[in-house]
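Derivation of every value follows stated rules applied to the coordinates shown; laboratory data play no part. Computed from a predicted structure; not experimentally measured. Glycine also receives a Cβ, built like all others from the backbone with ideal geometry; neighbour counts cover every protein chain displayed.
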Amino acid sequence: MTPTPDDSGAEVCIIIPAAGSGTRLGEPVPKAFVDLCGRTIIERCVDNIPASLGASVVVVVPADLVDRTRELIPHVTVVAGGDHRSESVRAGIAAAGDARILLVHDAARPLTPARVFTEVVDAVRSGRSAVVPGVPVVDTLKQVEPASDGPLRVSRTVDREELRAVQTPQGFTRDALLRAHADDTGLATDDAGLAERCGIEVHVVPGDPLAMKITTPWDLRIVRDVVGES
Ligand code: CTP
Ligand code: MG
């Protein structure tokens with residue numbers, strides 16, 4: 001797609017935090033700049049946004065990669081991020097213009113299908129303040145606690161029917177995302193977590209296995225296989 005610049009008056013702005021270092025991935029370059037079958041993860045992530053949304057895009061990267069990113073993806077706004085994901089998102093919000101609907105989407109989920117973007121946006125358009133994609137949990141989950149010696153001890157089995165593994169893009173009304181991030185020391189692994197702490201109701205639409213996050217070398221191997229086969 002050719003994303004609209006962020007001063008375009010677009011209804012939807014997609015903020016892509018891509019300023020992490022990718023410690024768990026262990027590649028020599030930050031995760032968003034790792035090669036995924038001939039193109040970087042961040043290029044594929046931006047390309048995957050459905051053009052039908054008419055969205056503007058803000059990409060948040062490590063400060064020393066701002067210029068390189070502007071060359072790689074000239075049609076988006078690029079800003080420098082912070083030490084924590086939430087700080088990078090706040091840098092993105094500051095550059096997001098006046099869009100009425102803000103999506104926050106991890107660069108580390110470059111294969112997210114168009115349907116997930118459109119369902120999140122549609123749910124916000126229809127009046128929800130905060131919307132996340134989620135998938136059922138397939139493993140049996142146990143809560144554990146330290147034992148006096150030896151292996152951890154199981155304290156209980158969690159009812160997985162009540163659980164969803166949450167993905168991105170996470171969608172918000174502008175007001176809800178600004179409220180979620182109003183405390184500029186707030187840190188969370190996702191933006192809906194900050195919204196919940198403010199008492200904002202968060203709703204869930206169906207996620208997708210292709211919206212998986214690349215965290216470990218194993219994840220990268222799976223995503224490379226998927227891209228290679230398509
Ligand atoms: N992110 C960011 N700024 C940070 C940390 C993370 O923009 N200071 C972004 C990452 O680039 C990624 C998303 O937030 O797109 C999700 O974070 P994660 O998967 O944890 O990526 P990293 O922090 O890069 O990986 P790690 O935790 O293994 O170092
Ligand atoms: Mg991280």
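Annotations for the structure displayed:
- Restricting Glu71, Glu43 to residues that are within 16 Å of the chain's Cα centre (by Cα), among the acidic types (Asp, Glu) and away from ligand 2 (no atom under 15 Å from the Cβ) narrows the list to Glu43.
- Filtered residues of segment 60-90 (kept if among the aliphatic types (A, V, I, L, M) and under 21 Å from Thr185 (Cα atoms)): Val60, Val61, Ala63, Val79, Ala80, Val89
- Among residues of segment 120-145 being in a helix (DSSP H, G or I) and under 15 Å from the mean Cα position of the chain (by Cα), the one that is nearest to ligand 2 (Cβ to nearest atom) is Val120.
- Candidate set from segment 16-40 (those that are of a type in the set (A, V, I, L, M) and within 16 Å of ligand 2 (Cβ to nearest atom)); member that is surrounded by the fewest Cβ atoms within 10 Å (Cβ to Cβ): Val29
- Counting only helices (runs of 4 or more DSSP H) that fall entirely inside segment 163-230 and contain at least 1 residues that are surrounded by fewer than 16 Cβ atoms within 10 Å (Cβ to Cβ) and within 16 Å of ligand 2 (Cβ to nearest atom), the qualifying elements are 217-229.
- In segment 1-113, counting only helices (runs of 4 or more DSSP H) that sit wholly within it, the ones holding 2 or more residues that are among the aliphatic types (A, V, I, L, M) and closer than 29 Å to Ile222 by Cα span 41-47, 66-72.
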